[in-house]
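Working notes for the structure below.
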Ligand code: AVI
């Protein structure tokens, strides 16, 4: 059955659909072909990511949680009385709860996330569990300018950006995010941020090439999403997951490689693939303590404390806005 693009696009909100369509068409027309990792997270993509965080090979989530569990008390000492904790891209509140439990000085919690359903549900559950806390969810793309709620105007601010999501930003975007965060949180603010560290390539390779194939499904799901939302006809059997560590650029690269020469239709356009040609779908940058310090200092922040795990796999750092 031939389904028109209009029919295929009917159930997706107009704005998202057109931005998604524009980005996909531009990405598949580029050389090399590329797609933004922000499009991984449809409903199935979010579920697959949750599964990834529980895989034996995927150390970042587990390691960061251990660091937070062990050091939340020390982090709490950096939180001023009646502070507002502002979490960027909150998703689940599991990590924030570790800080809330340790830091009774936190008077308000502001989760900022683009996905309103999960945001509101998690905020409601958190409010039920912490009845004395002011919970003010903000539905926004935290990589773009957004307004903080007026209700926290007089409170000191502590930003929270766990999960090494900063690693999925290109270095200039990471610097821009940190600069904007410094401006938005204002003078005297603190930021607690998690990032993944450079390590043995074998450990990195295994984390993004798990034996159960969940990361491969996560990567390929992007093509399923394009088929569903943009009237694409990608044959998933004709693409395979590739993930490798680029030592020079200190990043894991994820790609989808075409198994043969082929043509694919998306949103009414045709895209040609050579055998072995890839779509670059994600970079996950790994930092050294020194390279992260440099990017933070160059973006208006001064490192004040840093915590890691016994293997030195992951780091959580506290920064304060550099006095001008
Ligand atoms: C969300 N982000 C920090 C993950 C990472 O490790 O870069 C996304 C991911 N991609 C493949 N596995 C996990």
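Taken together, the values in this text are just the output of simple stated rules run on the coordinates, not laboratory data. This one's a predicted model, so the numbers in the text were calculated from it and none came from an experiment. Quick reminder, even Gly has a Cβ in these numbers, built from the backbone with ideal geometry, and neighbours come from all protein chains shown.
Region 278-324 and region 24-96 have Cα centres spaced 15 Å apart.
Scaling against 2.2 N^0.38 Å puts the C-alpha radius of gyration of the chain at 1.04. Considering only the Cα atoms of region 144-207, their convex hull presents on average a projected area of 5.5 nm². Note: relative contact order over region 225-324, using C-alpha pairs below 8 Å and six or more positions apart, is 19 percent. Explain nothing, just the number: relative contact order of the chain, from Cα pairs under 8 Å at least 6 residues apart, as a whole percent. Dividing the mean separation by the residue count of the chain yields 21 percent. Every pair of different Cα atoms in region 198-313 enters the Kirkwood calculation, which places the hydrodynamic radius at 16.6 Å. Taking each DSSP H run with n ≥ 4 as -39500 (n - 2.57) and averaging over every residue of the chain yields -11500 deg cm²/dmol at 222 nm. Largest mean-square fluctuation among 71, 172, 280, in a Gaussian network model of the chain whose springs join Cα atoms under 10 Å apart, belongs to 172. Its Cα gyration tensor gives region 176-257 an equivalent ellipsoid. The semi-axes, each the square root of 5 times an eigenvalue, are 32, 21, 11 Å from largest down.
Rg then Dmax, both in Å and based on the Cα atoms of region 75-142: 11.2, 33. P(r) tail for region 248-309: Cα pairs beyond 20 Å make up 55% of the total. What the Cβ-Cβ distance of residue 81 and residue 306 gives, at R0 = 35 Å and to the nearest 0.05, is a FRET efficiency of 0.90.
Using bins of 5 Å that start at zero, the share of Cα-Cα pairs per bin across region 102-175 amounts to 3, 13, 21, 25, 20, 12, 5, 1, in whole %. For region 29-154, the orientation-averaged shadow of the C-alpha convex hull comes to 10.1 nm² (one quarter of the hull surface). Entry note, region 102-199: relative contact order of 26 percent, from Cα contacts under 8 Å with a spacing of 6+ residues.
Beta bridges assigned by DSSP with both partners in the chain are antiparallel in approximately 60 percent of cases. The tail of the calculated P(r) for region 44-92 beyond 17 Å holds 55 percent of all Cα-Cα pairs.
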